[in-house]
Amino acid sequence: MTPREIIAEAWAITMREKSLRQWGFVSSFLETLFATKLLLYQAWFFVSYLQGNPIGFFDDVIWLSHNVSTGWLISIISVFLALLAVEWIFPNFARGAIIGLTAKAHNKEDVRGGLVLGIYNFFPMLGIHELFVLAGVANAITIISLFLRYIDGDVKFFMIGIVIFFWVLSSILKFLASFAEPAVVVKRVSIFSGLGTSFKLIISYTSHVMFLWLLLFVISIRIAFNAILVLLIPIIAVGIGFLFATFLSFQLAVILGVSVGIILILIASYFFAYLHVFKEAVWTITYCELKKQKDLLVIEA
């Protein structure tokens, strides 16, 4: 298949298979929720850093303990930790299901068994994700903020430079591992075997893959749109919370502000689900098609 045919097939599968979009919706919701919380926290830290009094790691908990009752404090912390665990676990769980169901749809098989695919491939998906954990912008920002917060002197800027270097390196390696997850799910190979297969396919078919990247320009639009929405959601939620706080109790204002923020994230996640599934479908179908080609290392007599 040509890159254009792969793009068309991936979009057709995305629009046709409702179960794929359901997996993509929940995964997008949790990822957007995590990014929104992180941005809100880092914005608070950035403002305090510019004011010359950067917040500590548990200052948010201390602030809550002074403004809400003990029951509310325990409830908020419990919900936060539970959400954090789900946001860490489920996207890796859903990725295995989406890749496996996409491969089935591409091979004209019954698109069933997403739960089994998710469970079976969870640890390999988690392992691959954690290998390139520094490739995530959110993770790099979090580490940089910790250095700014707890390291004194000019050495912290040297450490930040190291983080940026490893972020670039991890991003390059993550690109070379683009086919590792489809290899693990479709062919049931080990993580390192999947990484080796991905490196070899990327190097062997560089022009093919780069053309796909150009056709996937919509992904960059999605990222930009996602960044804008993630920036606006906490601003709107906090603004509404302060508005309600002018004539309602603090606890009720917080509940209403958080509720509005979650509704906005749900709406955004509905649209992100299509693009999330589409991106995974493109790489899965490309992997399936490239594996049909003769290995370039094989030389016939």
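The values are calculated or read from the model by the stated rules, or taken from the named source; none is laboratory data. Fair warning: this is a prediction, and the values are worked out from it, not measured in the lab. Neighbour counts run over all protein chains shown; Cβ positions are idealised from the backbone, glycine included. Please note that ligands, DNA and RNA were not included when accessible areas were found on the heavy atoms of the full protein model with its side chains. Shrake-Rupley method; radii C 1.70, N 1.55, O 1.52, S 1.80 Å.
Structure values in brief
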| quantity | calculated |
| --- | --- |
| Odd one out for A138, checked against (1) open to solvent by 20 Å² or more (accessible area, probe 1.4 Å); (2) within 15 Å of the chain's Cα centre (by Cα); (3) modelled with pLDDT of 85 or more | (3) |
| Search result, residues across the range 1-33 that are open to solvent by 70 Å² or more (accessible area, probe 1.4 Å) and part of a helix (DSSP H, G or I) | R4, E5, W11, M15, R16, K18, Q22 |
| Long-range neighbours under 8 Å by Cβ, at least six apart or interchain, first residue open to solvent by 30 Å² or more (accessible area, probe 1.4 Å) within the range 79-95, second of a type in the set (V, I, T) | F90/V26; F93/I119 |
| Selection within the range 159-181 - in a helix (DSSP H, G or I), surrounded by 14 or more Cβ atoms within 10 Å (Cβ to Cβ) and of a type in the set (G, A, S) | S170, S171, A180 |
| For V133: the one exception among (1) under 18 Å from A35 (Cα atoms); (2) more than 15 Å from the chain's Cα centre (by Cα) | (2) |
| Among the residues listed as V184, V155, the single one being out of contact with any Leu (no Cβ under 6 Å at 6 or more places or on another chain) and at pLDDT 90 or above | V184 |
| Selection count, the range 96-120, where residues are aliphatic (A, V, I, L, M), in contact (Cβ under 8 Å) with a residue 40 or more places away in the chain and part of a helix (DSSP H, G or I) | 7 |
| Residue check, A138 small (G, A, S) and either in contact with a strand residue (DSSP E or B) (Cβ under 7 Å, 6 or more places away or on another chain) or closer than 26 Å to T36 by Cα (or both) | yes |
| Enumeration of residues in the range 268-285 that are hydroxyl-bearing (S, T, Y) and surrounded by 24 or more Cβ atoms within 10 Å (Cβ to Cβ) | T284 |
| Flag for I74 being more than 24 Å from the chain's Cα centre (by Cα) and surrounded by fewer than 16 Cβ atoms within 10 Å (Cβ to Cβ) | yes |
| Among (1) modelled with pLDDT under 90; (2) open to solvent by less than 10 Å² (accessible area, probe 1.4 Å), the one test that I99 misses | (1) |
